[in-house]
Ligand SMILES: [Zn+2]
């Protein structure tokens, strides 16, 4: 039996999805799903080892590089530098997308929250594209972004979705701030923070107000052969896909349907549906651009209030108190945040 509990790769494709593919996919799909599941533990060891080391150079301003792995893999990934800050557009769409996605993420954090890169000290954002062959994931390995090309069968290339890029880079921000433990409720909050800011990166690039956004994570990543529109829905958790190979989206939308499981590190990619929907409810009740007010409230909570063992209840009290401080006691913003957490049954 597969056991993903010990393989918490913070890749965009969660273990529960890989487990479904390993059970129901074609022989080829089963092979890579199993590879991805075992690969995860390896990366985790690498990430822990790197946690003690200085991360990529802090240059003090926006600076991005892209390396081409040329399908060679490796841990850490190998591959020469093919693109750096300010270069003219590449002929390789994966290079441009990795660069632009890193830029849009940097800009959200810098322009709106005055955060200087992942570590708030201007660390360079390094990306590796074309990782391995037909690699079906994208992940932050603790100091750099790594993207597979997808198999073209279930998944398209992983640089395609700007919210996926924002999601993965936000794992780096969380690592430098609240450092939420990657299991149970703190782990689901860790995942949710990545979905929140990943979606905000996309909404800001598209200049969409909260009521116009699709609130999907990874829309366009699943190929047309798959019955589904995205990996997750923040607006309607549990409805993103329903497919013979991938199974059905397992996310609950409220505490009544909280999933108790030892799989997926205690359901970190599953129960994240609950705080995701709380953010959606708060942002749409506040109105306007979600990154301006709701995003600011969540960012300050992540930076200053949450700790490694924070639960959903703690996230609720933290965001309510931040809303009170930023916008006033009894303000519409504070009420919207309160109602949102009530709406998903956390308080
Ligand atoms: Zn994640």
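The values are calculated or read from the model by the stated rules, or taken from the named source; none is laboratory data. Being a predicted model, the structure only gives us computed values, none of them experimental. We place every Cβ from the backbone using ideal geometry, glycine too, and count neighbours over all the protein chains shown.
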State whether one or more residues within the stretch 221-235 are modelled with pLDDT of 95 or more and in contact with a helix residue (DSSP H, G or I) (Cβ under 6 Å, 6 or more places away or on another chain).
-> yes
Which is within 16 Å of the ligand (Cβ to nearest atom) and either assigned to a loop (DSSP other than H, G, I, E, B) or within 20 Å of residue 308 (Cβ to Cβ) (or both), of 188, 253?
-> 188
Restricting the search to the stretch 83-106, which residues are surrounded by fewer than 19 Cβ atoms within 10 Å (Cβ to Cβ) and free of Cβ contacts under 8 Å to residues at least 40 places away in the same chain?
-> 84, 85, 86, 87, 88, 89, 90, 91, 92, 96
Can you pull out the strands (runs of 3 or more DSSP E) entirely within the stretch 112-157 that have at least 1 residues that are in the same structural domain as residue 61 (by TED's automatic domain parsing) and at pLDDT 95 or above?
-> 125-131, 145-148
Is there a residue being away from the ligand (no atom under 16 Å from the Cβ), outside the structural domain of residue 136 (by TED's automatic domain parsing) and within 29 Å of residue 37 (Cβ to Cβ) anywhere in the stretch 268-285?
-> yes
